[in-house]
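The values are calculated or read from the model by the stated rules, or taken from the named source; none is laboratory data. What you see is a predicted model; the values in this text were computed from it and never measured. Counting neighbours? That spans all protein chains shown, and the Cβs are built from the backbone with ideal geometry, glycine included.
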Amino acid sequence: MDCVHAQELILAMETPGRIEAMVPELRRHVESCPACTALAATMVRLEALVPTLPVPDSAAAKARLQQRLRTTPRSPVHSYRFVTPQRLAVAAGLLLIVGLTVSAVLFLTRRADASSELVAQLVDWNVDMAQTPNLKDRSRLFREKAALFSKRLAQGGASGEESALAKALFDQVSWLAEHDDPLAAADRFCSLTELFAKQSQREANVKDYGTSARHLGECQRIRRAGVEANLARVGSQAHTSEQKERLDSVRRRDKATAAEMARLADHPDIGEHLKVYRQQHPCDKDDADSKSDSKH
């Protein structure tokens, strides 16, 4: 679940912001996301604030109203509905809540967009690094962007569940800049695809199909460039029993992940969003590769 979907659920609650009233998936997201935790706390405070908003003294207000009625000419053909101080207070409270809520929604939307953009850029960087066979060239590519991405991560450029994905992606490019071991690279990329597939499944469970499809598309790109390509590089290089055991383990895990990816892609709603993602990345191969791999 991303922040945009979480904030919609928080604002739609009968008791906005109450942790104990949240569905389990929303509660887990709020407890792990500082921005959504802040929004929930704000909604709880606002809900408690409305009954305490100050209103004019009711007796004095009534006396002023009676005096006005005595001194103001009345027309028999018109009737008037007076706005009481209590109604004004309620209206003011509602306007306050709406204003703060809109501000919070806009803030969280921008933050969620920034998080997804950062993850997308880190995925692109991982794919570029994986497709660069020469270690010196990878090191150069890493130095060109490392400081910028490191700063964005340190400043909280990704929030909530996107933060774990962003950190794992950055750790992977850092490793690629210093190592030239295709079997170890395939193993590490396999762990990345497992992380993305699980995240995509969690989002599908709460019907956040757009975000689920985006993470699934990113997972497919990482698998092709990072797992498949490095396994092809390994070839028959695994000579020791330890290397062969590790190679078999990577292949088993990758087969399981490919099956999970194919199952998610078969969901009609996810599939529609996935088509859009592929149009934005036309170099990616058709998902039939993933489905065929899962059957091998």
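Quick one: in the stretch 167-191, of everything that is among the aliphatic types (A, V, I, L, M) and more than 22 Å from residue 140 (Cβ to Cβ), which residue is surrounded by the most Cβ atoms within 10 Å (Cβ to Cβ)?
Checking each candidate, the answer is 186.
Restricting attention to the stretch 220-239, which residues are surrounded by 24 or more Cβ atoms within 10 Å (Cβ to Cβ) and either small (Gly, Ala, Ser) or under 14 Å from residue 116 (Cβ atoms) (or both)?
Residue satisfying the conditions is 226 alone.
Within the stretch 155-169, can one find any residue that is out of contact with any strand residue (DSSP E or B) (no Cβ under 8 Å at 6 or more places or on another chain) and over 28 Å from residue 279 (Cα atoms)?
Yes - at least one qualifying residue is present in the stretch 155-169.
Go through (1) of a type in the set (Lys, Arg); (2) at pLDDT 95 or above; (3) under 22 Å from residue 280 (Cβ atoms) one by one and return the number of the condition residue 152 breaks.
(2)
Does at least one position in the stretch 93-106 carry a residue that is modelled with pLDDT of 90 or more, surrounded by 13 or more Cβ atoms within 10 Å (Cβ to Cβ), of a type in the set (Gly, Ala, Ser) and out of contact with any His (no Cβ under 7 Å at 6 or more places or on another chain)?
Scanning the stretch 93-106 turns up no residue that is modelled with pLDDT of 90 or more, surrounded by 13 or more Cβ atoms within 10 Å (Cβ to Cβ), of a type in the set (Gly, Ala, Ser) and out of contact with any His (no Cβ under 7 Å at 6 or more places or on another chain).
Looking at (1) aliphatic (A, V, I, L, M); (2) part of a helix (DSSP H, G or I); (3) at pLDDT below 95, find the lone condition where residue 227 falls short.
Condition not satisfied by residue 227: (3).
Would you check if there is a residue in the stretch 168-177 being modelled with pLDDT of 95 or more and assigned to a loop (DSSP other than H, G, I, E, B)?
Yes.
If the requirement is being under 21 Å from residue 131 (Cβ atoms), without any contact (Cβ under 8 Å) to a residue 12 or more places away in the chain and of a type in the set (A, V, I, L, M), which of these qualifies: 184, 225, 229? Even if it seems obvious, please write down each step before you answer.
Details: 225 fails: without any contact (Cβ under 8 Å) to a residue 12 or more places away in the chain; 229 fails: without any contact (Cβ under 8 Å) to a residue 12 or more places away in the chain.
From the options 184, 225, 229, the qualifying one is 184.
Does any residue in the stretch 7-20 that is in a helix (DSSP H, G or I) and at pLDDT 75 or above come within less than 8 Å, Cβ to Cβ, of a residue that is surrounded by 13 or more Cβ atoms within 10 Å (Cβ to Cβ) and among the basic types (Lys, Arg) six or more places away or on a different chain, and which pairs are these?
The qualifying pairs are 19/27.
Among (1) touching a residue at least 40 places away in the same chain (Cβ under 8 Å); (2) crowded, with 20+ Cβ neighbours inside 10 Å, which single condition is residue 202 missing?
All conditions are met except number (2).
Kindly check whether there is at least one residue in the stretch 241-257 that is at pLDDT 95 or above, within 20 Å of residue 163 (Cα to Cα) and among the hydrophobic types (A, V, I, L, M, F, W, C).
No - not one qualifying residue is present in the stretch 241-257.
Based on what the data block shows, is residue 288 at pLDDT 95 or above and either of a type in the set (Phe, Trp, Tyr) or under 14 Å from residue 223 (Cα atoms) (or both)?
Answer is no for this residue.
Quick one: would you say residue 118 is touching a residue at least 24 places away in the same chain (Cβ under 8 Å) and farther than 14 Å from residue 174 by Cα?
Against the criterion (touching a residue at least 24 places away in the same chain (Cβ under 8 Å) and farther than 14 Å from residue 174 by Cα), residue 118 qualifies.
Given the options 233, 188, name the one that is of a type in the set (D, E, K, R), within 22 Å of residue 149 (Cβ to Cβ) and part of a helix (DSSP H, G or I).
Step by step, each of 233, 188 is checked, and only 188 is of a type in the set (D, E, K, R), within 22 Å of residue 149 (Cβ to Cβ) and part of a helix (DSSP H, G or I).
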